[in-house]
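Reading through the structure tokens given below for one structure.
The values are calculated or read from the model by the stated rules, or taken from the named source; none is laboratory data. These numbers were taken from a predicted model, which means no experiment stands behind them. In this analysis, Cβ positions are derived from the backbone assuming ideal geometry, glycine residues included, and neighbour counts consider all displayed protein chains. With ligands, DNA and RNA removed, areas are computed over all heavy atoms of the protein, side chains included. Shrake-Rupley method; radii C 1.70, N 1.55, O 1.52, S 1.80 Å.
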Amino acid sequence: NNDTRVNGFICKLQSSLIIIFELSQFIWGSIISHSIYSNVVHYVIETDEERHKIRKIYFFISTSIPIIYYIICSILDSLGPSGYYCWINTIDTSTVEHVLITVYFILVWITVVYNIYTIFYILHNNR
């Protein structure tokens, strides 16, 4: 049955991968922007030990936020069909799904705005 496959394990797996990896890539973009900003604007020079510690922090931030968001979606049972693929359920939506989608795009737009800000700041104030 197609409904079983769409609402089953494969759909939940696809939803989890999309949520975790998409949010993670946006957060990594912001981390890279922040790293460039701190090195170019503030001339931060790190030792190997500091660089290793900072990489662990960056990795923790870029993975923990998407995983926490995914766990919240899972607990609220909001993963499911979303058109031609699986993501946050947009077929049988409720207020919960609308809030989750809104929070998702707020997180994405925060990273986009931060990246644009740091790029313009570096380009216009570092001459």
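FRET efficiency for the LYS53 to ILE32 pair, using the beta carbon distance and R₀ = 22 Å, is estimated at 0.80. Unpaired cysteine residues in the chain (no second Cys Cβ under 4.7 Å): CYS73. A 1.4 Å probe, protein heavy atoms only, puts the accessible area of HIS34 near 70 Å².
When only alpha carbons of segment 1-105 are considered, Rg and Dmax amount to 17.8, 60 Å. With unit charges on the beta carbons (Lys and Arg positive, Asp and Glu negative) and the dipole taken about the Cα centre of the chain, which residue among ILE36, ILE20, LEU100 sits farthest to the positive side? Towards the positive end, the residue furthest out is ILE36. A crude spin-label estimate for the pair GLU22 and SER74, with each label 7 Å from Cα along the Cβ direction, gives 1.8 nm. Rounded to the nearest 10 degrees, the inclination of helix 95-125 to the longest alpha-carbon principal axis of the chain is 20 degrees.
Strictly greater than 15 Å: what percent of every Cα pair in segment 35-88 meets that? Provide the component values of the computation, followed by the final result.
Working: 948 of 1431 pairs.
Here the tail beyond 15 Å accounts for 66 percent of pairs.
Under the rule of -39500 (n - 2.57) per DSSP H run of 4 or more residues, summed and divided by the residues of the chain, what mean residue ellipticity at 222 nm is obtained, to the nearest 500 deg cm²/dmol?
Estimated from H runs of four or more residues: -27000 deg cm²/dmol.
Each label point was placed 7 Å from the Cα along the Cα-to-Cβ direction; for TYR43 and ASP92 their separation is 6.2 nm.
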